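Every number in this text was worked out from the coordinates using simple rules, so none of it is lab data. Since the structure is predicted, the reported quantities are computational estimates derived from the model, not experimental observations. Every residue, glycine among them, receives a Cβ derived from its backbone with ideal geometry; neighbour counts consider all protein chains shown.
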Amino acid sequence: MAMPSLERLRVHAISQSLFPQTTLQAAIRRLGFVQADPIRAPARAQDLILRHRVKGYLAGDLERRYASLDIEEDVLYAYGFLPRTIWQLLHPRNIGGLSKLEKKVLDAVCEFGVTRPRELEERFGNARVVNAWGGYSKATTRALEHLHYRGLL
């Protein structure tokens, strides 16, 4: 007896998502995107997603091995990790010009290299702006986020 179409869809979705355990790189490649979330209740999203898909995965393995993986961090529908081949399809993002602060921050990063948000605050001040969740973030941190989103950092 053939399965009803809804049941077939469910079986197909599970078989594609809950595949046999593999390497970290292969799991990310197969998933195409792994959502990241710093909140640890009950654990970080990336660790919950990867723990059943990667053989021997331990919490934090993605961050510890990030530099050796062919992946990037970016925003798709949420913030996360994706294979570089997919990430390249997102860029360049054409979303208009840069603000004055973004131009200054970009110039500073180009001049000094790896730059921490606190270093930018010392240089450009600690003004706050409303973030996407209605709270406040440092303007320099938001400038860094916007530059990263555009693929400029």
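Taking every alpha-carbon pair within region 73-153, the share separated by more than 17 Å comes to 50 percent. Can you find, among 89, 78, 23, the residue sitting farthest towards the positive end of the charge dipole of region 5-90, where Lys and Arg contribute +1 and Asp and Glu -1 at Cβ? Of the listed residues, the answer is 23. Looking only at region 41-81, which residues have a backbone nitrogen under 14 Å from a spot 7 Å from the Cα of residue 89 in the C-beta direction? Of the residues in region 41-81, 76-77 have backbone N under 14 Å from the label point off residue 89. Cβ-Cβ distance of residue 48 and residue 14, R₀ of 22 Å, FRET efficiency by 1/(1 + (r/R0)^6): the value works out to about 0.85.
Residue 55 to residue 114: FRET efficiency via 1/(1 + (r/R0)^6), r the Cβ-Cβ distance, R0 41 Å, to the nearest 0.05?
Step by step, r from the Cβ atoms, then E = 0.80.
Taking the convex hull of the alpha carbon positions in the chain and averaging its projected area over all directions gives 12.5 nm².
Between residue 77 and residue 124, the FRET efficiency estimated from the beta carbon spacing at R0 = 35 angstrom works out to 0.70.
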